[in-house]
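Structure record follows, encoded as structure tokens.
The values are calculated or read from the model by the stated rules, or taken from the named source; none is laboratory data. Keep in mind the model is a prediction, meaning the values are calculated, not measured. Cβ placement follows ideal geometry from the backbone for every residue including glycine, while neighbour counts extend to all protein chains displayed. Heads up: the accessible areas ignore ligands, DNA and RNA and are worked out on the full protein's heavy atoms, side chains in. Shrake-Rupley method; radii C 1.70, N 1.55, O 1.52, S 1.80 Å.
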Amino acid sequence: MVQEWRVPIRKTAVPEARLKAADWEAAALDALAENGLAGVAVEPLARRLGVTKGSFYWHFADREALLAAALTHWEKSHTESVIDAVEGVRDPRERLARLMGRVLVGGRSDRIHIALATAKHPLVRETLARVTHRRLVYLESCYVELGQARREAKRSALLAYAAYIGLVHLRLEAPKELPAREALAAYIEHLVSKLVP
């Protein structure tokens, strides 16, 4: 009998299920929305994605690296992309109305925001402060374009952002206090009319 010699096939490291880093980042944000910062843990995320931890380590060195990437993903998708979506609107009044109408509808972004706001992690605090500053500066610039003096525009931006944060909290803490779903659009329209002169 002739013995056949086989060269062992060397497997190259390929991430399971061909997950991308963005898949892990999105899963981390979902976990953050559902369970707060503690929910961003490698093993539960791997189970959620149906892969082993090896897939995670293909993309990230550790949990901190994932957290940093997820926060960058959140910053881009919930701030920069939103600003980019309205930036082409020439009329600053219409731009502000669209911006506010877009962010006041709530959802997953509310839960992420609350989870980030209650976290004590230094990277989270730093990211949230940077995002808040960026949003306030953008709002202020829109109010300046409306003809408000810089000081007044800054106050208007703070008022608009405070209204947004207040709605985020109300939707999560006391949703029954807000108008029913069918009347919510009219309420948001009313709010925008008060915040956009």
Leading residue at positive end of dipole, the chain (Cβ point charges), from Met100, Cys142, Ala174: Cys142
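With all pairs of different alpha carbon atoms counted, what Kirkwood hydrodynamic radius in Å does the range 79-143 show?
Taking every pair of different Cα atoms in the range 79-143, averaging 1/r and inverting gives 12.9 Å.
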Cut-off under 26 Å on the C-alpha distance; same-chain residues fewer than 8 positions from Lys20 excluded. Which lysines are left, in chain and number order? Lys11, Lys53, Lys76
Which ³J(HN,Hα) values, rounded to whole Hz and listed in residue order, are derived for the range 28-44 from phi using the Karplus coefficients 6.51, -1.76 and 1.60 in 6.51 cos²θ - 1.76 cosθ + 1.60 with θ = phi - 60°, glycine and proline given as x? 5, 5, 4, 5, 4, 5, 8, 10, x, 4, 4, x, 8, 9, 4, 4, x
Taking the chain, the equivalent ellipsoid from its C-alpha gyration tensor has semi-axes in Å, biggest first, of 44, 18, 15
If you find the alpha carbon centre of the range 68-135 and of the range 18-39, how far apart are they in angstrom? 17 Å
For the range 77-152, with all protein chains present and a 1.4 Å probe, just round the carbon and sulfur fraction of the accessible area to a whole percent. 52 percent
Positive-end residue of Thr127, Ala85, Ile165, charge dipole of the range 80-197 with Cβ unit charges: Thr127
Along the principal axes of its C-alpha atoms, what lengths does the range 36-126 span, in descending order and rounded to whole Å? 50, 26, 22
Take Arg48, Arg63, Arg135 and sort them by solvent-accessible surface of the protein heavy atoms, 1.4 Å probe, largest at the top. Arg48, Arg63, Arg135
Quick one: among Leu178, Leu29, Leu146, which has the greatest mean-square fluctuation in a GNM of the chain with alpha-carbon springs under 10 angstrom? Leu178
In terms of Cα to Cα distance under 30 Å, which lysines are near enough to Lys176, apart from those fewer than 8 places away along the same chain? Lys120, Lys194
